[in-house]
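In what follows, a single structure is set out as structure tokens and then discussed.
The values are calculated or read from the model by the stated rules, or taken from the named source; none is laboratory data. These numbers were taken from a predicted model, which means no experiment stands behind them. As a convention, Cβ positions derive from the backbone with ideal geometry for all residues, glycine included, and neighbour counts pool all protein chains shown. Side chains included, ligands, DNA and RNA excluded: accessible areas come from the protein's heavy atoms. Shrake-Rupley method; radii C 1.70, N 1.55, O 1.52, S 1.80 Å.
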Amino acid sequence: MRMVFWLAAVLAVAPVVAGAQVTKGPDTVVDSVTYNPISLLPMHVGGKVRKDAMGYSYQWPGAYFEATFQSPYVNLLFDDGANNFNVIVDGKLVMIVRKPGHRTINIGTEGPGPHTIRLEKRSETQYATGHFQGFLAEPAAAPAPARPRQIEFIGDSFTVGYGNTSAFTQCTPDEIFETTDAQESFGPLTAKHFDADYQINAFSGLGMVRNYDGREHDKYRMPMLYPRAIFDDPTPAVEPDWHPQAIVIRIGGNDFSTDLHAGEPWATPDALAADYQKTYIAFVQRLRAANPKAEIVMFWDEDNAAFAASGQKVFDALKASGMERLDHVALPKPANTGCNGHPNIRDDAKNADTFIAWFEAHPDVWQGK
């Protein structure tokens, strides 16, 4: 299918009235077809986002927006100068949008629908908030539905997909940003295999009690950020329809990846490990209280001895407390040739294959959905 693209200012989007010709591009006109007035399309929204007066705001990786439309074009209304996106029409990637700013992007299709559109956030932005105002087109008869299956991934850069498309291990900050594709990380790959909605609640450099290299921030550790839709806003995310059947957690690589420095809160590695284990146990217990039926799947870096030992102790303590529907998955050894020694997209694909095999062997996780 040939696609036609062009940019226009937001105010230049003209409504289409019944019986009018529909201009798809500078030289292409579709006539002899009656189209209904265009409007903002009903959307299905995935990821941890915040609904506001201007559409949706987001910071966490992996957010996505879906709709269906009848007209031979659709307008994407952005107010986001910080993020990169995949645009997928009728199941095909047709465009990568980079930091669109305050823009409307118009995508034309060959003929009337129904068509599907999906906008996926690729990038990680820790200190910038993006806004997507929605899709503007003639609605299709049936809007994009929510999926019965839901899965959540909690972690750090490993889960973000940090620099996973890079051809080099040494990357500048700009290169890290451009080569990070959260949609190619193991979490979305796993979720898409099972046609599940997903959240990627992950933040590069973040730890359970200690961030990478001891870089402390009063708010930025996982137990503090996890409830929020927007990092600097302590208001809990509003998620009445989010009830994941599975929660996959890996966090601790940053807690134990570097030696302690003078002035940090822990006098010894043993003290750090004890604090990590206590905090992690409490975190998982809160997850269980909020999601009593969810399967919680933990994993850790087997090559990081301190992380592996503490992760195992957390898992064993939770099991000993009587927690059910709690499992551990071991992943294959990664090549880690992405940016700064992180997994590349081949590692992500192998990790996704491991999780797919595990979930296929445990179909009861989906609770009949």
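For beta carbons closer than 7 Å, sequence separation of 6+ or different chains, a first residue in region 281-301 that is under 24 Å from residue 352 (Cβ atoms) and a second that is of a type in the set (Asp, Glu), the qualifying pairs are 295/327; 297/327. Filtering region 293-306 for residues that are within 23 Å of residue 151 (Cα to Cα) and surrounded by fewer than 16 Cβ atoms within 10 Å (Cβ to Cβ) leaves a non-empty set.
Report yes if some residue within region 175-191 is assigned to a loop (DSSP other than H, G, I, E, B), in contact (Cβ under 8 Å) with a residue 24 or more places away in the chain, crowded, with 23+ Cβ neighbours inside 10 Å and of a type in the set (Gly, Ala, Ser); otherwise report no. Yes: one or more hits. Working carefully through the options 244, 269, 240, find the one that is of a type outside the set (Asp, Glu), open to solvent by 40 Å² or more (accessible area, probe 1.4 Å) and touching a residue at least 12 places away in the same chain (Cβ under 8 Å). Result of the check over 244, 269, 240: 269. Summed over region 192-229, residues that are of a type in the set (A, V, I, L, M) and assigned to a loop (DSSP other than H, G, I, E, B) total 5. Within the set 319, 333, the sole residue that is outside any helix (DSSP H, G or I) and either open to solvent by less than 50 Å² (accessible area, probe 1.4 Å) or not hydroxyl-bearing (Ser, Thr, Tyr) (or both) turns out to be 333. Put simply, of 17, 45, 87 the only residue that is modelled with pLDDT of 95 or more and open to solvent by 20 Å² or more (accessible area, probe 1.4 Å) is 45. Sub-7 Å Cβ pairs linking a first residue in region 342-355 that is among the small types (Gly, Ala, Ser) to a second residue that is open to solvent by 40 Å² or more (accessible area, probe 1.4 Å), at least 6 apart or interchain, are 349/189; 352/189, ordered by first then second residue.
Yes or no, residue by residue, for (1) under 18 Å from the mean Cα position of the chain (by Cα); (2) open to solvent by 20 Å² or more (accessible area, probe 1.4 Å); (3) hydrophobic (A, V, I, L, M, F, W, C); (4) within 25 Å of residue 150 (Cβ to Cβ):
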residue: 201; (1), (2), (3), (4): yes, no, no, yes
residue: 213; (1), (2), (3), (4): no, yes, no, no
residue: 224; (1), (2), (3), (4): no, yes, yes, yes
residue: 228; (1), (2), (3), (4): yes, yes, no, yes
residue: 233; (1), (2), (3), (4): no, yes, no, yes
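In region 36-133, which strands (runs of 3 or more DSSP E) lie fully inside it and hold 1 or more residues that are touching a Pro at 6+ places or on another chain (Cβ under 7 Å) and not β-branched (Val, Ile, Thr)? Those strands (runs of 3 or more DSSP E) span 44-46, 64-69, 73-79, 104-108, 115-121. If the condition is being over 17 Å from the mean Cα position of the chain (by Cα) and more than 13 Å from residue 93 (Cα to Cα), then region 110-123 contributes 110, 111, 112, 113, 114, 115. Tell me which residues, restricted to region 343-369, are under 17 Å from residue 324 (Cα atoms) and open to solvent by 40 Å² or more (accessible area, probe 1.4 Å). Once the filter is applied, which keeps residues that are under 17 Å from residue 324 (Cα atoms) and open to solvent by 40 Å² or more (accessible area, probe 1.4 Å), region 343-369 yields 362, 363, 364, 367.
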